[in-house]
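Colleague: I am attaching a structure below and will ask some questions about it afterwards.
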Amino acid sequence: MRVLLVYPKYPDTTFWSFKGALEFTGEKAALPPLGFLTIGAMIPRDWETVFVDENIERLTGMHILWADIVFVSGMIVQQESTGRVLKRCRDLGKKTVLGGSMVTADPEQFSGMADSLFLGEAEGLFPSLIEDLRRGIGFVKKEYRSDAFCDIKRSPIPCFDLLGRNMWKYTSMALQWGRGCPYGCEFCNVTTLFGRRMRLKTPDRMKAELKALYSCGWRGTVFFVDDNFIGNPGKAKEVLKSIADFQIERGYPFRFYTQTDIGLAANDELISLMVKAGFFRVFTGIETPEAESLKGANKHHNVDIDVPKAMSRLLQAGIQVQAGFVLGFDQDTRATFGKMIALIQNTGIMTAMVGTLQALPGTVLYHRLKEEGRLLDQSAGDNTDGSVGFVPNNGMSREALESGYRRVVSTIYAPGPYHYRLLRFLGDYRPNPFLRNHLSWGATRAFLLCIVKIGIFSRARKWFWKTLRFAVSTNPKAFPATVEHWIFWFHFDRISSKLAKPGS
């Protein structure tokens with residue numbers, strides 16, 4: 001059997017594509033899809049397998065004609081490009097199987113787009129699909145569905161060999177320790193897809209995955225894709241100790257980042273263990289400065305957090321923070337826009353993903369808004385495109401909410417405010433002492449391009465040089481991070497500038 005795995009293209013101007021930043025580093029994409037690397041490990045060894053990531057290389061007609069069957073998977077933001085891939089395969093007469101979180105969350109929307117829908121976690125379903133394929137293409141069912149959560153400890157070690165030479169076209173590699181989240185935020189689909197009980201791999205198993213990645217020759221950044229790495233704090237401490245042992249034995253070949261809840265900032269032991277293991281960044285959901293909005297969204301664990309203080313604690317320990325913010329909760333008011341700008345500016349959070357509230361299929365929010373008759377057209381899964389897909393219930397029109405959103409994004413990514421936020425960052429940040437910055441051609445290239453594109457030709461050039469001088473004189477160890485954040489700004493500026501255009 002000849003199997004083609006296709007990962008569709010991200011929109012260039014979506015927040016998380018980082019396309020603008022990748023121009024500096026020379027890489028093509030931020031991350032490979034861990035789901036496909038896991039599936040690749042479950043495909044029989046005597047079958048031929050080809051993986052095409054459209055973010056890295058072009059999917060050609062020859063790729064499709066070569067295959068007996070095509071597997072396609074992606075996230076909601078890739079919905080449009082997924083449709084294009086499936087149409088090309090259909091036009092060339094090839095059978096397709098569509099799976100992943102996107103289709104599992106909303107199968108009705110994708111009905112008829114592929115020959116077969118794959119709904120649920122791959123580890124429990126994939127063997128039956130393989131068995132049908134062994135009998136012949138004609139035996140593939142129209143739907144494979146499982147609502148059961150798998151034993152993640154039985155998930156195979158990702159098949160990094162699938163990436164081949166393209167491995168070095170990614171900024172980071174991806175691993176997963178656990179699935180699930182103990183919280184039940186109204187707008188989040190993590191618990192719908194993966195449950196509220198944390199399912200975790202053993203420390204020894206994580207060491208084996210790190211060894212597999214190390215053996216492939218990878219050195220550098222690794223993203224743990226867990227939705228909440230500290231969802232089980234006790235187990236997190238155990239695996240962090242094991243990861244630290246691995247790092248120490250090999251001279252810290254990896255730099256890690258992941259997603260956690262903001263409670264991390266109050267746990268000194270967890271912070272210390274993450275730093276020792278080589279974590280340098282986390283993403284957390286702060287969401288809103290409005291306590292009543294947090295309560296309404298069932299995010300009570302964030303209500304009493306002093307956000308600026310929490311961010312300072314993490315930065316001083318050596319952990320940078322990327323954070324998610326949401327506008328459009330029922331309890332928000334017109335004053336929320338200004339409050340959010342002030343909160344972001346006062347925290348040193350350079351990468352602030354501000355989005356409009358999205359009613360993702362399957363979430364409590366989706367069902368509530370549907371029952372209330374407030375659901376409108378939904379965007380293509382990009383909560384940072386400035387659109388609002390529901391009727392606000394906070395005294396604001398849809399247009400006012402969209403306008404307020406554009407105001408927040410254009411303000412925080414304007415050169416001056418970004419510069420002053422970066423000064424706040426530099427005042428707190430102390431780089432992870434266990435990690436060292438290695439001078440490489442890639443880093444040198446990025447810095448030189450940064451000088452040209454931002455320091456000479458961008459509208460931020462004045463602020464760029466001010467920040468660099470401040471970093472050199474007050475916090476020289478944070479100079480590489482300062483340059484990196486200006487490279488990120490180059491991408492964010494494109495996003496905010498596009499939003500500011502009429503009709504965007």
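Colleague: Quick test for you: out of 43, 56, pick the one residue that is aliphatic (A, V, I, L, M), under 30 Å from residue 26 (Cα atoms), at pLDDT 95 or above and assigned to a loop (DSSP other than H, G, I, E, B).
Modeller: Working: 43 fails: under 30 Å from residue 26 (Cα atoms).
Result: 56 is the single residue among 43, 56 that is aliphatic (A, V, I, L, M), under 30 Å from residue 26 (Cα atoms), at pLDDT 95 or above and assigned to a loop (DSSP other than H, G, I, E, B).
Colleague: Which condition does residue 437 not pass, out of (1) at pLDDT 95 or above; (2) assigned to a loop (DSSP other than H, G, I, E, B), if it passes all the others?
Modeller: (1)
Colleague: Considering only segment 487-496, I want to know if a residue exists there that is modelled with pLDDT under 95, surrounded by fewer than 19 Cβ atoms within 10 Å (Cβ to Cβ) and in a helix (DSSP H, G or I).
Modeller: Checking segment 487-496: at least one residue is modelled with pLDDT under 95, surrounded by fewer than 19 Cβ atoms within 10 Å (Cβ to Cβ) and in a helix (DSSP H, G or I).
Colleague: State whether one or more residues within segment 9-32 are under 30 Å from residue 484 (Cβ atoms), assigned to a loop (DSSP other than H, G, I, E, B) and free of Cβ contacts under 8 Å to residues at least 60 places away in the same chain. Spell out how you get there, then give the answer.
Modeller: Filtering segment 9-32 for residues under 30 Å from residue 484 (Cβ atoms) gives 9-32.
When the remaining residues are screened for being assigned to a loop (DSSP other than H, G, I, E, B), the result is 9-14, 18, 26-28, 30-32.
Going one step further and asking which of them are free of Cβ contacts under 8 Å to residues at least 60 places away in the same chain, we end up with 12.
Yes, the conditions are met somewhere in segment 9-32.
Yes/no per residue for (1) over 26 Å from residue 382 (Cβ atoms); (2) small (Gly, Ala, Ser); (3) assigned to a loop (DSSP other than H, G, I, E, B):
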{"site": "77", "(1), (2), (3)": "no, no, no"}
{"site": "83", "(1), (2), (3)": "no, yes, no"}
{"site": "86", "(1), (2), (3)": "no, no, no"}
{"site": "113", "(1), (2), (3)": "no, no, yes"}
{"site": "156", "(1), (2), (3)": "yes, no, yes"}
{"site": "164", "(1), (2), (3)": "yes, yes, no"}
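Colleague: Something else about it: With respect to residue 183, determine if the residue is farther than 27 Å from residue 263 by Cβ, of a type in the set (Phe, Trp, Tyr) and either in contact (Cβ under 8 Å) with a residue 12 or more places away in the chain or buried (at least 20 other Cβ atoms within 10 Å of the Cβ) (or both). Give the derivation first.
Modeller: On the way: farther than 27 Å from residue 263 by Cβ: no; of a type in the set (Phe, Trp, Tyr): yes; either in contact (Cβ under 8 Å) with a residue 12 or more places away in the chain or buried (at least 20 other Cβ atoms within 10 Å of the Cβ) (or both): yes.
No, not satisfied.
Colleague: Considering each of 340, 353, 311 in turn, give the residue that is in the same structural domain as residue 257 (by TED's automatic domain parsing), under 24 Å from residue 223 (Cα atoms) and surrounded by 23 or more Cβ atoms within 10 Å (Cβ to Cβ).
Modeller: Numbers: 340 fails: under 24 Å from residue 223 (Cα atoms); 353 fails: surrounded by 23 or more Cβ atoms within 10 Å (Cβ to Cβ).
None of the others qualify; the one that does is 311.
Colleague: Return the pairs, sorted by first residue and then second, in which the second residue is surrounded by fewer than 15 Cβ atoms within 10 Å (Cβ to Cβ), the first residue lies in segment 283-299 and is not assigned by TED's automatic domain parsing to the domain that holds residue 332, the beta carbons are less than 7 Å apart, and the residues are 6+ apart or on different chains.
Modeller: Matching pairs, first to second residue: none at all.
Colleague: If you check residue 280 against the conditions, is it in contact (Cβ under 8 Å) with a residue 12 or more places away in the chain and touching a helix residue (DSSP H, G or I) at 6+ places or on another chain (Cβ under 8 Å)? Before you say what the answer is, go through the steps one by one.
Modeller: On the way: in contact (Cβ under 8 Å) with a residue 12 or more places away in the chain: yes; touching a helix residue (DSSP H, G or I) at 6+ places or on another chain (Cβ under 8 Å): no.
Answer is no for this residue.
Colleague: Oh, and also: Considering only residues that are among the small types (Gly, Ala, Ser) and surrounded by fewer than 20 Cβ atoms within 10 Å (Cβ to Cβ), which ones fall in segment 90-100?
Modeller: Applying the first criterion (among the small types (Gly, Ala, Ser)) to segment 90-100 yields 93, 99-100.
93 - this is the single residue of segment 90-100 that is among the small types (Gly, Ala, Ser) and surrounded by fewer than 20 Cβ atoms within 10 Å (Cβ to Cβ).
Colleague: Out of (1) buried (at least 19 other Cβ atoms within 10 Å of the Cβ); (2) not in a helix (DSSP H, G or I), what's the single condition that is false for residue 421?
Modeller: With (1) buried (at least 19 other Cβ atoms within 10 Å of the Cβ); (2) not in a helix (DSSP H, G or I) applied to residue 421, the lone miss is (2).
Colleague: Hey, any hits in segment 463-484 for a residue that's surrounded by 17 or more Cβ atoms within 10 Å (Cβ to Cβ) and outside any helix (DSSP H, G or I)?
Modeller: yes
Colleague: Would you point out which residue out of 230, 243 is crowded, with 23+ Cβ neighbours inside 10 Å, farther than 30 Å from residue 326 by Cβ and not assigned by TED's automatic domain parsing to the domain that holds residue 101?
Modeller: Details: 230 fails: farther than 30 Å from residue 326 by Cβ.
Of the residues listed, the single one that is crowded, with 23+ Cβ neighbours inside 10 Å, farther than 30 Å from residue 326 by Cβ and not assigned by TED's automatic domain parsing to the domain that holds residue 101 is 243.
Colleague: Moving on to the next point. For segment 371-391, state whether one or more residues are farther than 30 Å from residue 8 by Cβ and β-branched (Val, Ile, Thr).
Modeller: yes
Colleague: When residues of segment 321-376 are filtered for being touching a residue at least 40 places away in the same chain (Cβ under 8 Å), assigned to a helix (DSSP H, G or I) and either touching a helix residue (DSSP H, G or I) at 6+ places or on another chain (Cβ under 8 Å) or not small (Gly, Ala, Ser) (or both), how many remain?
Modeller: The qualifying residues number 11.
Colleague: For segment 42-74, how many residues are surrounded by 19 or more Cβ atoms within 10 Å (Cβ to Cβ) and either hydrophobic (A, V, I, L, M, F, W, C) or under 17 Å from the mean Cα position of the chain (by Cα) (or both)?
Modeller: 14
Colleague: Further question on the same structure: In segment 413-433, what count of residues is obtained for those that are in contact with a Lys or Arg (Cβ under 7 Å, 6 or more places away or on another chain) and under 22 Å from residue 281 (Cα atoms)? Walk me through how you get there before you give the answer.
Modeller: Of all residues in segment 413-433, those in contact with a Lys or Arg (Cβ under 7 Å, 6 or more places away or on another chain) come to 415, 419, 431.
Subsequent filtering for residues that are under 22 Å from residue 281 (Cα atoms) retains 419, 431.
Looking only at that region, the number is 2.
Colleague: Another question about this same structure. For residue 386, are the conditions met, namely being at positive phi and either among the polar types (S, T, N, Q) or crowded, with 21+ Cβ neighbours inside 10 Å (or both)? Break it down into steps so the answer makes sense when it comes.
Modeller: Values: at positive phi: yes; either among the polar types (S, T, N, Q) or crowded, with 21+ Cβ neighbours inside 10 Å (or both): yes.
When the stated conditions are applied, residue 386 passes them.
The values are calculated or read from the model by the stated rules, or taken from the named source; none is laboratory data. Note that the structure is a prediction, hence the values are computed from the model and not measured. Ideal geometry is used to build each Cβ from the backbone, glycine not excepted, and the neighbour counts take in all protein chains shown.
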